[in-house]
Amino acid sequence: MAAIFVHVSDIHFGQERDHVVHIHDDVKKELVSDAAEVIAGLQSGATKGILVTGDIAFSGKADQYVAAGKWLDTLAEGIGCPIHRVQMIPGNHDMDRDKLSVGGGKLLDFIRAGGPAEYEKVISNENDRATLFSRFEDYGRFCIGYSCDLDQEAKYATNLRIEVGPNRWLRFVRLNSSLLCHGEERDDQPELVMGERQFVIPRYAGEENVVLAHHPLNWYKDAADVRQYVRSRARVFISGHEHDPKVNIDRVENGCDVMMLAAGAAVPFRSNDIYTFTYNILEFDWDDGTDNLVVTIHPRAWNPVKTCFEADDKRLGGKEPRFTLGSPNFKKVGPVPTATAEDAHGGESDTAAEPNVELVPAEGVETNPRELAQMPPDAEGYELALLRFFRDLYESERLKILVELDALPAESDERMNQGLERRLFDWLVREGRLPDINSMIERLIGEREERDV
């Protein structure tokens, strides 16, 4: 059974400054209704989540993420998936340009005038990294609730995998291509750097990687090196930014393919003959006959005459949207037993009935003791509580919970950051305090609402 995702990119909450806000609000509402209707008509899979390839906000401000969170909740509820099951990456509009210091500007100029070596020199310095990451402060508070934290060492991030066949998994890998953006991007020559510490993504037997990055490969100075790793380590590379939907299958070698999928914009500044409102519904499945990954794309585009979304037969495969990708990592775990293969098409196996979803450690090497310690707590309701704790509470409210539940001594003067908050939250859950956390979240939000009346 396929794992179904709604894929949106470049939503740009907060970009409206005039009357177009009404059209954009209508488009977002229609997108939710359209996605729910299309998915209801798909009999071959289960809805597993939402993929967002950057530019959630327009200028990286907190209020824009409040609006985005409400809309994502509505979308998740409409398509029938948990509201916390979102994989997201930042785009260039998800940074707050007002927070770029003079020193930060000099760091960006130094890197952009050089290349990967200059990038590594800056990024290897903890203080310089903090300067660049400070522009993603509000995005960081938003994404951590979805367990999509930015890696503070500028490495790749991965925390979710889904079983699409017997011992055949998809791992979602998130890259931050926007760290060097400064708001004055030019498309005549590449200026960004992905960096070795980030594009050296994992490879495991039985797992195929789906990589999310906001910028397509042509935007990087180190594009040749990034492409080499993508071609050898990934099965699907999904990007946004250019607002131009396209798909290409890169035949790496016999039995090994990479899908390069570029998204359009869910909400570009305006809709015209070149750019319009678009999004995708993606089905990831396993072909037991070839032992390969199958991706089916359902591209949706805005019809300005009917003022609604409809099937897009011009982009992303159009009327032939099913792609079978040579998947060498699936085959590394050996052949599938005959009985299991039969179950996958009409039997009673759990894999056939519902694709398994699994949270994984930061880098996914399950035998590494350090990474086992980073494993999210195995507690029912953990993901939803994490989302509400970080996304829906003010910082003072989160600290109140940590202090009252004795995770943080009242006299502590340790400097608080999101990483420490997350570790303390996870510690409380492991100590069996999740019911207390949920109770306090409800109480604090209720008290706030009473004050606001």
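Can you tell me the relative contact order of the stretch 1-78? Whole percent, Cα pairs under 8 Å, sequence separation 6 or more.
On the way: 79 pairs, mean separation 40.7, N = 78.
The value is 52 percent.
Between Val20 and Asn167, what is 0.36 nm times their sequence separation minus the Cα-Cα distance? Round to one decimal in nm.
Once the chain is fully extended between Val20 and Asn167, it gains 48.1 nm.
At 0.36 nm per residue, and after removing the present C-alpha to C-alpha distance, how many nm does the segment from Asp378 to Lys332 gain when stretched out fully? If you can, show how the numbers build up before the last one.
Working: separation 46, 0.36 × 46 = 16.56 nm, distance 2.86 nm.
Answer, rounded to one decimal: 13.7 nm.
Under a cut-off of 19 Å between alpha-carbon atoms, report the lysines in cross-link reach of Lys29, not counting same-chain residues fewer than 8 places apart.
Output for Lys29: Lys70, Lys306.
Going by a 4.7 Å Cβ-Cβ cut-off, which cysteines of the chain have no partner at all?
Cys81, Cys181, Cys256, Cys308
Considering only protein heavy atoms, what is the solvent-accessible area of Lys332 at a probe of 1.4 Å, reported in Å² to the nearest 10?
About 120 Å², rounded to the nearest 10.
Which is farthest toward the positive dipole end of the chain among His243, Asn356, Gly140, measuring Cα position about the Cα centre, with Cβ charges +1 (Lys, Arg) and -1 (Asp, Glu)?
Toward the positive end, the furthest listed residue is His243.
At 0.36 nm per residue, minus the direct Cα-Cα distance, what do Val200 and Lys246 gain on full extension? Give it in nm, one decimal, please. Spell out each step's value before the answer.
On the way: separation 46, 0.36 × 46 = 16.56 nm, distance 2.50 nm.
Contour length minus Cα-Cα distance gives 14.1 nm.
If the label point is 7 Å along Cα→Cβ of Val305, which residues in the stretch 233-272 have backbone nitrogen under 14 Å from it?
none
Below 30 Å, Cα to Cα, which lysines can Lys106 reach? Residues fewer than 8 away in the same chain don't count.
Lys61, Lys121, Lys155, Lys221
State, to one decimal in nm, how far the label point of Glu450 lies from the label point of Thr74, with both points 7 Å from Cα in the Cβ direction.
3.0 nm
Whenever you get a sec, compute what percent of the accessible area on the stretch 386-453 sits on carbon and sulfur atoms (1.4 Å probe).
Roughly 46 percent of what the probe reaches on the stretch 386-453 is carbon or sulfur.
Going by Cα centres, the stretch 253-285 and the stretch 102-167 are how many Å apart?
24 Å
Can you match P(r) over Cα pairs in 20 Å bins from 0, in percent to one of these, (1) 24, 54, 21, 1; (2) 24, 59, 17, 0; (3) 22, 50, 26, 2, 0, based on a calculation from the structure here?
(2)
Hey, got the dipole for the chain? About the Cα centre, +1 on K and R Cβ, -1 on D and E Cβ, debye to the nearest 20? Intermediate values should be presented prior to the final figure.
On the way: 52 positive and 80 negative charges, 185 e Å.
Roughly 880 debye for the chain.
Taking a probe of 1.4 Å, how large is the accessible area per residue of the chain, in Å²? Walk me through the numbers on the way to the answer.
Numbers: 19890 Å² over 453 residues.
Solvent-accessible surface per residue comes out at 44 Å².
Report the one residue of Trp302, Ser327, Ile56 whose Cα lies farthest in the direction of the positive end of the charge dipole of the chain (charges on C-beta: Lys and Arg +1, Asp and Glu -1; origin at the Cα centre).
Looking along the dipole axis, the top candidate is Ser327.
Order Glu208, Glu404 by their accessible area, 1.4 angstrom probe, all chains in place, largest first.
Working: Glu208 0, Glu404 85 Å².
From most exposed to least exposed: Glu404, Glu208.
Quick one: net charge around Glu421, please, counting Lys, Arg +1 and Asp, Glu -1 for every other residue with C-beta under 9 Å from its C-beta.
Numbers: positive: Arg398, Arg422, Arg423; negative: Glu395.
With Lys, Arg at +1 and Asp, Glu at -1, the neighbours total +2.
For Tyr229, Tyr65, Tyr394, write out the residues from largest to smallest accessible area, computed with a 1.4 angstrom probe and no ligands counted. Provide the component values of the computation, followed by the final result.
Working: Tyr229 65, Tyr65 10, Tyr394 130 Å².
The ordering from most to least exposed comes out as Tyr394, Tyr229, Tyr65.
Mind checking the stretch 151-232 for trypsin sites (Lys or Arg not before Pro) that DSSP puts in a loop (not H, G, I, E or B) and that have at most 14 other Cβ atoms within 10 Å?
Values: sites: Lys155, Arg161, Arg168, Arg171, Arg174, Arg186, Arg197, Arg203, Lys221, Arg227, Arg231; in loops: Lys155, Arg186, Arg203, Lys221.
Answer by residue number: Arg186.
At Arg443 and Glu253, where each label point lies 7 Å from the Cα along Cα→Cβ, what is the point-to-point distance in nanometres?
Going from the Arg443 label point to the Glu253 one covers 6.1 nm.
Sorted by accessible area with a 1.4 angstrom probe, largest first, how do His24, His298 fall? Display every interim value, and only then the final one.
Working: His24 5, His298 45 Å².
From most exposed to least exposed: His298, His24.
Kindly report, to the nearest 10 Å², the accessible surface of Thr131 as traced by a 1.4 Å probe over protein heavy atoms only.
Approximately 40 Å² for this residue.
The values are calculated or read from the model by the stated rules, or taken from the named source; none is laboratory data. Here the structure is a predicted model, which means the values were calculated and not measured. Methodologically, a virtual Cβ is constructed for each residue, glycine included, from the backbone with ideal geometry; neighbour enumeration extends over all protein chains shown. Protein only, heavy atoms only, side chains kept; ligands, DNA and RNA dropped before computing areas. Shrake-Rupley method; radii C 1.70, N 1.55, O 1.52, S 1.80 Å.
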